[in-house]
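The values are calculated or read from the model by the stated rules, or taken from the named source; none is laboratory data. If you're wondering where the values come from, they're calculated on a predicted model, not measured in any experiment. As a convention, Cβ positions derive from the backbone with ideal geometry for all residues, glycine included, and neighbour counts pool all protein chains shown. Only protein heavy atoms, including side chains, enter the accessible area calculation; ligands, DNA and RNA are left aside. Shrake-Rupley method; radii C 1.70, N 1.55, O 1.52, S 1.80 Å.
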Amino acid sequence: MPHQSRKRTPFRLPGSPGSPGSRSPVSPLSPEKALRTGTPHQSARSTRRRQAANEPHGKPERLQKLLADNGFGSRREMETMIAQGRISVNGEKAKLGQLAKPGDRIKVNRKLVTIKFSSRTSRVILYHKPTGEIVSRNDPQNRPTVFSSLPKISGGRWIAVGRLDFNTSGLILFTTSGELANRLMHPRYNLIRIYAVRILGGIDDTMRQQLQEGVSLDDGPARFASIERAGGEGVNQWFRVSLFEGRNREVRRIFEAVGATVSRLMRITYGPFTLPPRLKRGKVMELAETEVKKLLADFGIA
């Protein structure tokens, strides 16, 4: 089962000892002063520790995997870009299968990019998004963003699996693996999305049949895989709908196409994940490492 995420205390280097002394002859240090200042041997050892701490960490990785894990696209997309000569390493065009190591200067479309190396297992969290937040790091209107509610991480970043619009609440996934995020969103995996929808005024049988047979939207035909009544009386009625894609505002637009008005929308399922009943709005739950490893294996990610 997922467990509640805990705030991680950032790693800080301890303070370094003082200088071993000047070049001019000096009197031997007293034991008390030696403890405060540090002997030449101790200072040299501290210098080596500082140098090691400042060196890039991480083992060499295949370039396409590294870029995918950092959220630049899928491995296949990265392989295509490498073959097209759009990625370089240390000033030279990259080659398929090439390894990249910490400290390498990697450019994508001639732009220098920051790459995080990590030998840790990728992380996955479930977030209960409230209405009134956007799924973006930057917003010209300065609206609240989901990323301000997520746990802080070092050596990586959270990547959103799909989107929920400003007025939609419910389940959204985040991961530190760009490759996993791409596969969870890719149409070929046919992952189901289930929503609880409140309709102002309800819908009749003719509208319901049309919703399942399909409607025409600006970006192509769309339909619900299923639609079921889920309670409610009078003006507001609840329905549970499912579909296998996630186009922008798709659920709302499908209902609007038959003249129905959505007054509330909440995603409750995404692929193998369902919003836990105990997960409050604005809170996260993190998958255990064993669950993440199984998820990666299920999607063919080594």
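Simple spin-label estimate for S263 and R86 gives 4.7 nm between the two label positions (7 Å along the Cα-to-Cβ direction from each Cα).
When the Cα atoms of segment 218-302 are aligned to their principal axes, the ranges along those axes come out at 46, 33, 21 Å in descending order. As a calculated quantity, the FRET efficiency between L217 and Q141 at R0 = 22 Å, using C-beta atoms, amounts to about 0.30. What is the local net charge at E79, summed over the other residues whose Cβ is closer than 13 Å to its Cβ (Lys, Arg +1; Asp, Glu -1)? Around E79, the charge tally is +4. For the peptides 132-138, 228-234, 162-168, the ranking by packing is 162-168, 132-138, 228-234, with the highest mean count of neighbouring Cβ atoms within 10 Å listed first. If the viscosity is 1.567 mPa s and the temperature 4 °C, what Stokes-Einstein diffusion coefficient in µm²/s follows for segment 149-302 when Rh is the Kirkwood radius over Cα pairs? Answer from the Stokes-Einstein relation: 76 µm²/s.
Binning the C-alpha pair distances of segment 164-251 at 5 Å intervals from 0 yields a P(r) profile of 3, 11, 19, 24, 20, 12, 6, 4, 1, 0 %, listed from the shortest bin outward.
Taking W238, W158 and ordering them by how much accessible surface each has at a 1.4 Å probe, largest first, produces W238, W158. Solvent-accessible surface of segment 157-272, taken per residue with a 1.4 Å probe and all protein chains present: 47 Å². The modelled label-to-label distance between K294 and R76, using points 7 Å beyond Cα along the C-beta direction, is 2.7 nm. Estimated from the Cβ-Cβ distance and a Förster radius of 22 angstrom, the FRET efficiency linking K93 and T121 is about 0.10.
Taking all protein chains as they are arranged and a probe of 1.4 Å, the heavy atoms of I194 leave approximately 40 Å² accessible to solvent. Once the Kirkwood radius over Cα pairs is known for segment 162-208, the Stokes-Einstein relation at 4 °C and 1.567 mPa s delivers a diffusion coefficient of 95 µm²/s. Counting only residues at least eight positions apart within a chain, or on another chain, the lysines with an alpha carbon under 16 Å from that of K280 are K129.
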